[in-house]
Each structure stands twice: as C-alpha cells, then as structure tokens.
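Encoded as structure tokens, the structure appears first; notes follow it.
Every read-out reported here was derived from the displayed coordinates using simple, explicitly stated rules and does not represent laboratory data. The structure displayed is predicted, hence computed values, not measured ones. Cβ coordinates were reconstructed from backbone atoms using ideal geometry, including for glycine residues, and neighbour counts include every protein chain displayed.
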Amino acid sequence: MSQAAPIVFVVDDDVSVREALESLIRCEGWQPQTFSSAREFLAHPRVRVPSCLILDVGLPDLSGLDLQKLITADRADLPIVFITGHHDVPMTVQAMKAGAVEFLTKPFADQALVDALRNAIERSRATLDREQQVRVLNDCYASLSAREREVMAHVVSGLLNKQIAAELGISEITVKAHRGHVMQKMKAESLADLVRMSAELGFAPARKWAAVNP
C-alpha cells in the first residue's frame with residue numbers, strides 16, 4: 001500500500017492554478033487529482049496510498065482552514081500544504097499549529113512546493129505504514145483465546161510463569177503452553193517484542209505480582 005504511486009490532491013478554485021499544479025505534479029512522477037471546491041473534494045472517496053493535499057486558503061464554499069478542521073482529526077495520512085495569494089501571519093500560524101506541512105504565498109518557487117510535497121508524502125507514507133502495523137497487530141491479537149490474552153497481559157507485566165499460574169489458578173505447564181501460543185500467534189520473537197506490541201495496541205499491563213501479593 002505505502003509503495004503505491006503517491007497522489008497529490010489539489011483544491012483550488014482557479015482553473016489556471018489547478019492546471020499548472022497538475023503539470024508540475026506529473027513531472028515529479030506523482031498522480032494529481034484536482035478539485036475546484038472543498039465540498040467537491042470531501043465527496044471524493046478516501047484513498048489508502050501515500051498522499052497529500054495542496055489547499056488554497058480562499059475557496060468559494062468552505063475555506064481552506066475550515067476544510068483543514070474537518071479532515072485533520074481522522075486524516076493523519078493526508079498532510080496539507082497551504083497556498084494563498086495573500087500573506088497573513090495569524091492565518092499562517094493557525095494553519096501550522098493545526099498540522100500543516102507548509103504555508104506558501106503566491107507566487108512561490110516550484111522547488112519550494114516540490115520540497116514541501118516530498119516532505120508531506122513521506123509523512124503520509126510513514127503514517128500509513130504505522131496504521132498497517134497496528135491493523136496486523138490487532139488481527140494477531142484477535143486470534144488469541146481469552147486465556148491467552150490473560151497470560152499475555154501478565155507476561156508483559158514481567159511476571160514469571162509460576163506467578164502467572166498462581167494468579168490465574170492454573171498449572172505452570174499450562175502457562176508455558178499458553179505463553180508459547182501467544183508468542184506464535186503474535187509473531188513475537190522475544191519478550192521485549194511482545195511488550196512493544198502490547199504498548200502499540202494501547203494495553204495497560206496487568207497488575208504486578210507485588211501488588212497482588214503484598
């Protein structure tokens with residue numbers, strides 16, 4: 001997915017600007033997709049490839065800043081490069097604080113835009129890779145039985161097999177079997193690997209042995 005040809009979306013109500021940007025984007029080997037309004041862009045299906053958005057601030061329906069507010073929360077994989085015909089420091093600060101990659105004032109050098117887009121695409125690629133890793137981890141975790149999930153929680157808390165056995169009321173041999181299944185299903189190569197996976201999944205560790213056996 002993250003190796004697919006990047007897409008650069010352009011939202012600008014000026015057709016001459018859209019055509020110029022489309023040509024520049026193609027020259028860099030990326031795929032351009034242009035829109036004349038924010039609402040037209042919002043109606044476009046979401047893509048799961050490295051991508052970014054060139055966004056004009058002054059749009060006829062929703063402004064560029066309004067569109068940024070709408071998509072920032074759930075579109076971390078779509079970094080934004082703003083372009084505008086009027087330099088406005090407060091507006092620039094607002095956009096950058098909200099996560100924009102760059103804020104360029106027209107006329108700007110082609111290379112300045114290309115550099116910003118390259119940065120944005122790499123951000124998008126990294127985000128998509130992280131999201132894919134989390135999906136894989138969630139699938140692996142979903143394959144665990146309820147008991148295996150209990151054992152995993154105690155293992156990543158640092159408990160020994162005999163401590164886990166006492167905590168769960170099962171034999172140490174059974175704990176070892178469950179632990180082996182957990183490592184296999186989670187595709188973990190070491191305890192440290194399993195701890196990292198648990199953290200990435202957002203799971204809090206089970207209670208420490210000292211806490212349950214004062």
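What the table shows:
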read-out	value
Förster radius 35 Å - calculated FRET efficiency between A126 and A177, Cβ distance, rounded to 0.05	0.40
Charge dipole of segment 7-132 about the Cα centre (unit charges at C-beta), most positive-ward option of Q94, V49, T127	T127
DSSP-loop chymotrypsin sites (Phe, Trp or Tyr not before Pro) across segment 95-184, with at most 15 other Cβ within 10 angstrom	F108
Ellipticity estimate at 222 nm from DSSP helix runs (n ≥ 4, -39,500 (n - 2.57)) divided over the chain, nearest 500	-17000 deg cm²/dmol
Cβ-placed point charges (K, R +1; D, E -1), dipole of segment 143-212 about Cα centre in debye, nearest 20	60 debye
Cα centre as origin, Lys/Arg/Asp/Glu Cβ charges: segment 7-132 dipole, Debye	380 debye
Cα→Cβ-extended label distance, 7 Å offset, between V47 and A142, nm	2.7 nm
Student exercise, segment 41-200 dipole from Lys, Arg, Asp, Glu Cβ charges, in Debye to nearest 20	520 debye
Proximal lysines relative to K176, as straight alpha-carbon distance under 21 Å, when same-chain residues fewer than 8 apart are discounted	K162, K185, K187, K208
Sites L70 and D14, calculated FRET efficiency, Cβ-Cβ separation with R0 22 Å, nearest 0.05	0.55
Charge sum, other residues only, whose C-beta stays under 11 Å from A177's C-beta, Lys/Arg counted +1 and Asp/Glu -1	+1
Alpha-carbon Rg/Rh ratio, for the chain, with Rh computed the Kirkwood way	1.20
Relative contact order %, the chain, counting alpha carbon pairs below 8 Å whose residues are six or more apart	15 percent
Mean Cβ neighbour count within 10 Å, used as a protection proxy, ranking 155-166, 59-70 highest first	155-166, 59-70
A109 versus L160: modelled label distance in nm, points set 7 Å from Cα along the beta carbon direction	6.5 nm
